[in-house]
1. With the requirement that a residue be farther than 16 Å from LEU79 by Cβ and of a type in the set (Gly, Ala, Ser), what does the range 6-65 give you?
2. Can you tell me how many residues in the range 44-62 are surrounded by fewer than 16 Cβ atoms within 10 Å (Cβ to Cβ), assigned to a helix (DSSP H, G or I) and either touching a helix residue (DSSP H, G or I) at 6+ places or on another chain (Cβ under 6 Å) or not basic (Lys, Arg) (or both)?
3. Pairs under 7 Å by beta carbon, first residue closer than 15 Å to GLU26 by Cβ and touching a residue at least 24 places away in the same chain (Cβ under 8 Å) in the range 49-64, partner open to solvent by 100 Å² or more (accessible area, probe 1.4 Å) and among the charged types (D, E, K, R), six or more apart or different chains?
4. Need the failing condition index for VAL65 against (1) open to solvent by 80 Å² or more (accessible area, probe 1.4 Å); (2) out of contact with any Phe, Trp or Tyr (no Cβ under 9 Å at 6 or more places or on another chain); (3) among the hydrophobic types (A, V, I, L, M, F, W, C), just the number.
5. If you go through the range 26-43 one residue at a time, how many are outside any helix (DSSP H, G or I) and either touching a Phe, Trp or Tyr at 6+ places or on another chain (Cβ under 8 Å) or surrounded by fewer than 11 Cβ atoms within 10 Å (Cβ to Cβ) (or both)?
6. Six or more apart or on different chains, Cβ atoms under 8 Å: show the pairs whose first residue is in the range 1-17 and open to solvent by 60 Å² or more (accessible area, probe 1.4 Å) and whose second is in a helix (DSSP H, G or I).
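The values are calculated or read from the model by the stated rules, or taken from the named source; none is laboratory data. Keep in mind that this is a model prediction, so the values were computed, not measured. Positions of Cβ are backbone-derived with ideal geometry, glycine not excepted, and every protein chain shown enters the neighbour counts. Surface accessibility is based on the protein's heavy atoms, side chains included, excluding ligands, DNA and RNA. Shrake-Rupley method; radii C 1.70, N 1.55, O 1.52, S 1.80 Å.
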Amino acid sequence: MTYAEFENLILLSDRMIASCVPRKAEYGRGFYSGIKFHFCNSQPESLPDYYFIVEIARRDGIRDVHAYAHGYLDGCKGLIPEDTP
């Protein structure tokens, strides 16, 4: 992934976070964190555990933990975010 592709995905996640739809905003927050992990991670086969991500989301007071976790994992895999998570 190039830096330009990374920046485009960050901007896309920022737009999702600004959305009025709570589920989409939480997905965008998770995706934002996940794509940063993906860009900085030198070992793409080492993804965080889903339940670990859910626990972090609960601890941080995220409203829709499953949308956040789904977005985080999509970001960690380097996938393009969904329009409707």
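1. Correct list: ALA18, SER19, ALA25, SER42, SER46, ALA57, GLY61.
2. 5
3. Note: pairs meeting the criteria are ASP64/ARG23.
4. Of (1) open to solvent by 80 Å² or more (accessible area, probe 1.4 Å); (2) out of contact with any Phe, Trp or Tyr (no Cβ under 9 Å at 6 or more places or on another chain); (3) among the hydrophobic types (A, V, I, L, M, F, W, C), only one is false for VAL65: (1).
5. 2
6. Between residues of the range 1-17 that are open to solvent by 60 Å² or more (accessible area, probe 1.4 Å) and residues that are in a helix (DSSP H, G or I), the close pairs are MET1/HIS38; MET1/PHE39; ASP14/GLY28; ASP14/TYR32; ARG15/GLY28.
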